[in-house]
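The values are calculated or read from the model by the stated rules, or taken from the named source; none is laboratory data. Everything numeric here is computed off the predicted structure, so don't read it as measured data. We place every Cβ from the backbone using ideal geometry, glycine too, and count neighbours over all the protein chains shown.
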Amino acid sequence: MQIQLSWDDPITSEQQQYQFETPIAIGREQEQLPTTANGQPVSQLMLLDTNRKISRFHALITADHDQVMIEDRSANGCMLNGEKFQGQPRSIESGDVLRIGLYDITITVLEPVTNATIVEPKLPTIVTPLSQVGTVPQDAAPRPSTIIFNPETDAIQTQINIPKPTRQSFPPASLFDAELVSVSALHASGYPVDEIEYATIGGGMGSFVFADTLRISGVKSDQIAVLSIQEKPYKRYETLLKNCQIPRYKRIRSGSDSCPDNIWGFPGYALRDACRSMSTGQVKSAFGFLWQVFAEPALADTYTPRARDVFDSMDREATRISWERMWRYASVRSIRKTEDGRYVIAYSATRPPGAPNYRFLIARYIHLATGYPALKLLPDLQQYRETTGDLKSVVQGYEPHDHIFEHLEKHGGTLLVRGFGIVGSQILDRVNEARKQNPNITLVHLSRTPKKGNRFGVAKRYVENQWEFQPFNWPKATWGGDMRSRLESSDPLKRRELLEAWGGTTTASRSHWRKTVKRGLQEGWYVLKFGQVEKVERSPDGKPITYVKNRDYPGFDKIEADFVIDCTGLISDPKDNPLLGDLIRHYKLDLNPQGRLHVENSFEIKKMRNDRARMYAAGIITLGGPYAPVDTFLGLQYAAHRAVESLARFRAPNVRYIEGLRSLFQWFKWATNQTP
């Protein structure tokens, strides 16, 4: 009998979902388990654990005459639907939730299938070369996302049938199949070859703060190349914000002192807000912003800046550091080490539509800040879209979906939302506004299990009406002090354990929004539901029907909605990025237990060293490394700061430490808008 096991990753909230043939052994280590009495092999699920809450052989799932049983084999016991049991076998059904260690695993009993393909999960390892990591059979691997960022335009692009990627004619295999590329061969290839000292690839927020820090440290703009297809460093971020109902006038999730345009953090956004309000006579508002920073979050809502203020300040800083001189239109194809101790970057400088313009850029120091490679769609929703071709009724929260609210405002209807977090909260805000136009709108919020709130020591995150709120200011707490120190000094597995316990960034507490949630529940237009989704089908009149198995009673809940919005997030696996995937495979780069690039505390990819040449990474592709909030403004600035410090330590050309009088002098230049 086949069993489907699914759980949300405690750090990224990415849904993990795999199918096994019974019996199934669950534990923290792979063991040579015996076969069953009839010679049937035992499937294995290995869960990462360093604090020994999960035993080597923790539990065994078996099936006999269509009855599925789970037997505890551990010292700590298991939790089934919130009830602890130990030793004695228990009967399990579809929708039951098994808690082992920090994992809440939803069990789905599938129909027996003959000659079925068993899917064994691809499990991360402790900094092991990719060539040694266990692989998933190609036909059993999860389907790729149908929503990608177009590599030539960066626009969100939906494809029902994604063509299998093929190797481009550029760069030539005769050159780039080698471990080290000959510089003379590059010049002899006939393609233009340029040279630069520093290059940052991605061109988004991560590249911006790195280039900004380099410029402040003493590097001239003509020594830096920013390779990107987006001219504005915040273009993709602004697009995603707009799509998830956060236009420029709304406030984003960020701290008051995390400023991409200002590495010192002073004056922060709150003080700038206060000064603007004071200058226009809005004294009450000015003191309100200052009070928020002083009293957050115990006595006041957490301060967050407006999107337009962030982007306007970045435009000012971009002009100050000569961003336009550093930026080059480039769709980067591949990176290789060179024989003379540098790197070569192969890229296309073609703006679509246009004739191919392939080029090489040789650099000694490279910074990777490629961001998220794609949008994630839940497997059942992706299957629905592939089966029906319906791209309007089922959408991802970061896709354009204004048509949904336009329809609801005119005709009313039901909206099903899956996934909490900041995107889910913005959808709820938008529904509240739409109900002012048409009160006949219902929002059903679906989650597999009720929220319990992350615990760490005696601390526990506050949960209200199934929304988990961010305590104090999580990025600030992990910026410095004990939490950051513990993470930097830990080994990769211990880091994962800490990150699982801390949890990721969550929704900030906003009193007005919390009142909206309570009012919606009381008035009945906001409905919370829990259970495992069995399937999503299309009704005769073209609406998506979601079948949900609830463990509290037999049968299914049938939710017929006009629209479904998936708010579960973005794809962050570096192997899903063609450039990074090629780099990982070619140089067998190490991955951390989170499956992301293994980096040093300086964010250097040590395995890519080439004589004096150094390569650094930043952002979500380093998740699970030495810093927790890697994809926040603060995290990107911290990664840039550590990387530039490392370059100064290695005596990279013109890079000096930003400290003491030099730091003060550079701050005065920033304050007076002078070139670094």
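Every residue, every condition in (1) of a type outside the set (Phe, Trp, Tyr); (2) at pLDDT 90 or above, yes or no:
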| site | (1), (2) |
| --- | --- |
| PRO544 | yes, yes |
| ASP557 | yes, no |
| ALA561 | yes, yes |
| ILE571 | yes, no |
| PRO593 | yes, no |
| GLU600 | yes, yes |
| PHE603 | no, yes |
| MET608 | yes, yes |
Hey, could you check the stretch 287-310 for residues that are hydrophobic (A, V, I, L, M, F, W, C) and more than 14 Å from PRO267 (Cα to Cα) and say which is surrounded by the most Cβ atoms within 10 Å (Cβ to Cβ)?
ALA307
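Out of LEU446, LEU521, LEU528, report the one residue that is outside any helix (DSSP H, G or I), touching a strand residue (DSSP E or B) at 6+ places or on another chain (Cβ under 9 Å) and more than 30 Å from GLY595 (Cα to Cα). Break it down into steps so the answer makes sense when it comes.
Numbers: LEU446 fails: more than 30 Å from GLY595 (Cα to Cα); LEU521 fails: outside any helix (DSSP H, G or I).
Only one candidate passes the filter, namely LEU528.
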Inter-residue pairs, beta-carbon under 7 Å, first over 13 Å from VAL630 (Cα atoms) and in the stretch 588-604, second crowded, with 21+ Cβ neighbours inside 10 Å and aromatic (Phe, Trp, Tyr), 6+ apart
GLU604/TYR616
Of the residues that make up the stretch 569-585, is at least one farther than 18 Å from THR370 by Cα and either of a type in the set (S, T, N, Q) or assigned to a loop (DSSP other than H, G, I, E, B) (or both)?
no
Do we find a residue being at pLDDT 95 or above and under 22 Å from GLY202 (Cβ atoms) anywhere in the stretch 664-676?
yes
Do we find that ASP212 is modelled with pLDDT under 95 and acidic (Asp, Glu) in this structure?
no
Can we say VAL417 is closer than 23 Å to GLU534 by Cα and touching a His at 6+ places or on another chain (Cβ under 8 Å)?
yes
Going through ALA286, ALA225 one at a time, which residue ends up being among the small types (Gly, Ala, Ser) and free of Cβ contacts under 8 Å to residues at least 24 places away in the same chain?
ALA286
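Each row is one residue, and each column tells you yes or no for (1) farther than 22 Å from GLY204 by Cα; (2) of a type in the set (Val, Ile, Thr).
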{"site": "LEU361", "(1), (2)": "no, no"}
{"site": "THR370", "(1), (2)": "no, yes"}
{"site": "LYS376", "(1), (2)": "no, no"}
{"site": "PRO379", "(1), (2)": "yes, no"}
{"site": "ARG385", "(1), (2)": "yes, no"}
{"site": "GLY389", "(1), (2)": "yes, no"}
{"site": "VAL395", "(1), (2)": "yes, yes"}
{"site": "TYR398", "(1), (2)": "no, no"}
{"site": "PHE405", "(1), (2)": "yes, no"}
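Per-residue answers, yes or no, for (1) in contact with a strand residue (DSSP E or B) (Cβ under 7 Å, 6 or more places away or on another chain); (2) among the β-branched types (Val, Ile, Thr):
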residue	(1), (2)
ALA199	yes, no
MET205	no, no
PHE208	no, no
LEU214	yes, no
VAL226	yes, yes
Given (1) outside any loop (DSSP other than H, G, I, E, B); (2) not assigned by TED's automatic domain parsing to the domain that holds HIS586, identify the lone condition not met by PRO439.
(1)
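Right, ARG614: surrounded by fewer than 20 Cβ atoms within 10 Å (Cβ to Cβ), among the charged types (D, E, K, R) and not assigned by TED's automatic domain parsing to the domain that holds SER91 or not?
No, not satisfied.
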Flag if SER221 is touching a Ser or Thr at 6+ places or on another chain (Cβ under 6 Å) and either surrounded by 21 or more Cβ atoms within 10 Å (Cβ to Cβ) or within 24 Å of TRP323 (Cα to Cα) (or both)
yes
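Specify which of the listed residues (VAL226, VAL219) is at pLDDT 95 or above, over 26 Å from GLU296 (Cβ atoms) and assigned to a strand (DSSP E or B). Show your work before the answer.
On the way: VAL219 fails: assigned to a strand (DSSP E or B).
So the residue among VAL226, VAL219 that is at pLDDT 95 or above, over 26 Å from GLU296 (Cβ atoms) and assigned to a strand (DSSP E or B) is VAL226.
Would you be able to tell me the number of residues in the stretch 289-302 that are part of a loop (DSSP other than H, G, I, E, B) and either polar (S, T, N, Q) or touching a residue at least 60 places away in the same chain (Cβ under 8 Å) (or both)? Break it down into steps so the answer makes sense when it comes.
First, the residues of the stretch 289-302 that are part of a loop (DSSP other than H, G, I, E, B): 296-302.
Okay, now just the ones that are also either polar (S, T, N, Q) or touching a residue at least 60 places away in the same chain (Cβ under 8 Å) (or both), so 296-297, 301-302.
Looking only at that region, the number is 4.
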